[in-house]
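Each remark here refers to the structure printed beneath this line.
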Amino acid sequence: MKKVWITLAAASVLLPGAALAGTAADMQALADKNGCFSCHGMQSKLVGPGFAEVAAKYKGDSQAAERLAKKIREGGKGVWGPVPMPPHGNLGEGDAKKLAEWVLNVG
Ligand code: HEC
């Protein structure tokens, strides 16, 4: 049953204009679709930091979501090491913001 639900959630991400509820499954599907997991693990570092590490670093920082959304879209380096994150300019501002907020809540 869980599988069916995840498939449905993934399908809703792929439908253009479909409203995103922003559930964890929706967000994982969105991150997957945008290739985030080729460089980020949920917990541990791959090329970039694990999303849980990012969440821990910015815990309590109310400006973090805004900054990270911008960085996801524009790319950048120097916070976690010399390896840069490439820009994801194809990502809309809304999706970048949702991804940033989701990353900040990965435990
Ligand atoms: C080609 C590899 C690559 C891809 C693809 C990638 N990232 Fe990154 N990401 C990195 C690296 C490397 C860093 C560390 C940059 C730094 O040190 O400032 C990073 C950093 C981050 C950070 C922390 C930024 C900071 O300033 O602390 C977030 C959040 C993030 N990535 C989210 C994403 C999301 C969401 C996606 C998918 C849309 C994504 N990344 C795709 C390599 C990648």
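How many residues are assigned to a loop (DSSP other than H, G, I, E, B) and either open to solvent by 50 Å² or more (accessible area, probe 1.4 Å) or of a type in the set (D, E, K, R) (or both) if we restrict to segment 80-97? It would help to see each step written out before you state the result.
First, the residues of segment 80-97 that are assigned to a loop (DSSP other than H, G, I, E, B): 80-84, 86-92.
Going one step further and asking which of them are either open to solvent by 50 Å² or more (accessible area, probe 1.4 Å) or of a type in the set (D, E, K, R) (or both), we end up with 80, 82-84, 86-87, 89-90.
Of the residues in segment 80-97, 8 are assigned to a loop (DSSP other than H, G, I, E, B) and either open to solvent by 50 Å² or more (accessible area, probe 1.4 Å) or of a type in the set (D, E, K, R) (or both).
Would you call Glu101 open to solvent by 60 Å² or more (accessible area, probe 1.4 Å), touching a Lys or Arg at 6+ places or on another chain (Cβ under 8 Å), more than 8 Å from the ligand (Cβ to nearest atom) and on the phi < 0 side of the Ramachandran plot? For Glu101, the condition - open to solvent by 60 Å² or more (accessible area, probe 1.4 Å), touching a Lys or Arg at 6+ places or on another chain (Cβ under 8 Å), more than 8 Å from the ligand (Cβ to nearest atom) and on the phi < 0 side of the Ramachandran plot - is not met.
Can you tell me which residue within segment 25-50, out of those that are surrounded by 13 or more Cβ atoms within 10 Å (Cβ to Cβ) and small (Gly, Ala, Ser), is nearest to Leu99 (Cα to Cα)? The residue in question is Ala31.
Any idea which of Gly48, Gly60 is in a loop (DSSP other than H, G, I, E, B), modelled with pLDDT of 95 or more, more than 20 Å from Leu91 (Cβ to Cβ) and not hydroxyl-bearing (Ser, Thr, Tyr)? Break it down stepwise before answering.
Values: Gly48 fails: more than 20 Å from Leu91 (Cβ to Cβ).
So the residue among Gly48, Gly60 that is in a loop (DSSP other than H, G, I, E, B), modelled with pLDDT of 95 or more, more than 20 Å from Leu91 (Cβ to Cβ) and not hydroxyl-bearing (Ser, Thr, Tyr) is Gly60.
If the condition is being near the ligand (Cβ under 6 Å from one of its atoms) and open to solvent by 70 Å² or more (accessible area, probe 1.4 Å), then segment 51-78 contributes only Lys77.
Hey, could you check segment 55-107 for residues that are of a type in the set (S, T, N, Q) and closer than 18 Å to Asn34 by Cβ and say which is farthest from the chain's Cα centre (by Cα)? Walk me through it before giving the result.
Of segment 55-107, the ones of a type in the set (S, T, N, Q) are 62-63, 90, 105.
After this cut, where a residue has to be closer than 18 Å to Asn34 by Cβ as well, the list is 90, 105.
On the way: Asn90: 14, Asn105: 10 Å.
For segment 55-107, the residue satisfying everything is Asn90.
Of the residues making up segment 23-38, just one is among the hydroxyl-bearing types (Ser, Thr, Tyr) and either modelled with pLDDT under 95 or outside any helix (DSSP H, G or I) (or both), namely Thr23.
The values are calculated or read from the model by the stated rules, or taken from the named source; none is laboratory data. Every value quoted in this text rests on a predicted model; they were computed, and no experiment measured them. Virtual Cβ from ideal backbone geometry, glycine too; neighbours counted across all protein chains shown. Note: areas computed on protein heavy atoms with side chains; ligands, DNA, RNA excluded. Shrake-Rupley method; radii C 1.70, N 1.55, O 1.52, S 1.80 Å.
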